[in-house]
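J.: Take a look at the following structure, please.
Bear in mind that the values in this text are calculations on the coordinates, not laboratory data. Just so it is clear, the model here is predicted, and its values are computed rather than measured. Note: ideal-geometry Cβ built from the backbone for every residue, glycine included; neighbour counts use all protein chains shown.
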Amino acid sequence: MSARGVVCGVVRGVGRRAWRGASSRVTRGVTIVAAAYVAAVVAAACADFTVPTAAVGPDTLVAEPSFARDIQPILTARCATVGCHTAVTHQAGLVLQAGIAYDSLVGRPSTLAPQFVRVAPGDADASWLVRMIGPDPTARFGIERMPLGRAPLTDNQIATIVRWVTQGALRN
């Protein structure tokens, strides 16, 4: 092979490698932008970006809560809203609409923290739901507090849910 052939072959090879490198950088860049866009859409889908000044839903501490009477109304008003935990969007695989919520929660493993169940009857500390609505970010492993993008549940709402879980998370 002539010197010219060697040089041209090397240049062509370098050109191909440079193009492949540029192509992978472009692909990587597009992938990162697409992932960021998807993350933003998912976050925005569950957030209304307005924080109500008044509590939404029932705000009474209940000594012996019933799921149907006391817990479901909180879940319906604060969690089963457009873009969040409905049968259509089911964020984190969780549906909290009436008629579905109990079966989605009690004894079911969490998708965000598989070492926990969503609701462990009789054990609020082992219940991912209680951790996710509570104020302690370390209990949630730094995951944003629910409801996402909205005012937190009130102290009475949280205490009522904790009591329901502690009292056995009955379907009543």
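J.: Kindly indicate whether any position in region 124-132 is within 24 Å of Asn172 (Cβ to Cβ), among the polar types (S, T, N, Q) and within 14 Å of the chain's Cα centre (by Cα). Spell out the reasoning first.
T.: Residues of region 124-132 that are within 24 Å of Asn172 (Cβ to Cβ), as a first pass: 124-132.
Cutting the leftovers down to among the polar types (S, T, N, Q) gives us 127.
After this cut, where a residue has to be within 14 Å of the chain's Cα centre (by Cα) as well, the list is none.
Within region 124-132 (the criterion being within 24 Å of Asn172 (Cβ to Cβ), among the polar types (S, T, N, Q) and within 14 Å of the chain's Cα centre (by Cα)), the answer is no, since none of the residues qualifies.
J.: Kindly check whether there is at least one residue in region 90-109 that is part of a loop (DSSP other than H, G, I, E, B), touching an Asp or Glu at 6+ places or on another chain (Cβ under 7 Å) and either buried (at least 16 other Cβ atoms within 10 Å of the Cβ) or among the hydroxyl-bearing types (Ser, Thr, Tyr) (or both).
T.: Taking region 90-109 first, the residues part of a loop (DSSP other than H, G, I, E, B) are 90, 94-100, 107-108.
Cutting the leftovers down to touching an Asp or Glu at 6+ places or on another chain (Cβ under 7 Å) gives us none.
Looking through region 90-109, none of the residues is part of a loop (DSSP other than H, G, I, E, B), touching an Asp or Glu at 6+ places or on another chain (Cβ under 7 Å) and either buried (at least 16 other Cβ atoms within 10 Å of the Cβ) or among the hydroxyl-bearing types (Ser, Thr, Tyr) (or both).
J.: Okay, moving on. Which residues, counting only those in region 115-156, are assigned to a loop (DSSP other than H, G, I, E, B), in contact with a Leu (Cβ under 7 Å, 6 or more places away or on another chain) and surrounded by fewer than 18 Cβ atoms within 10 Å (Cβ to Cβ)?
T.: Ile143, the sole residue that qualifies.
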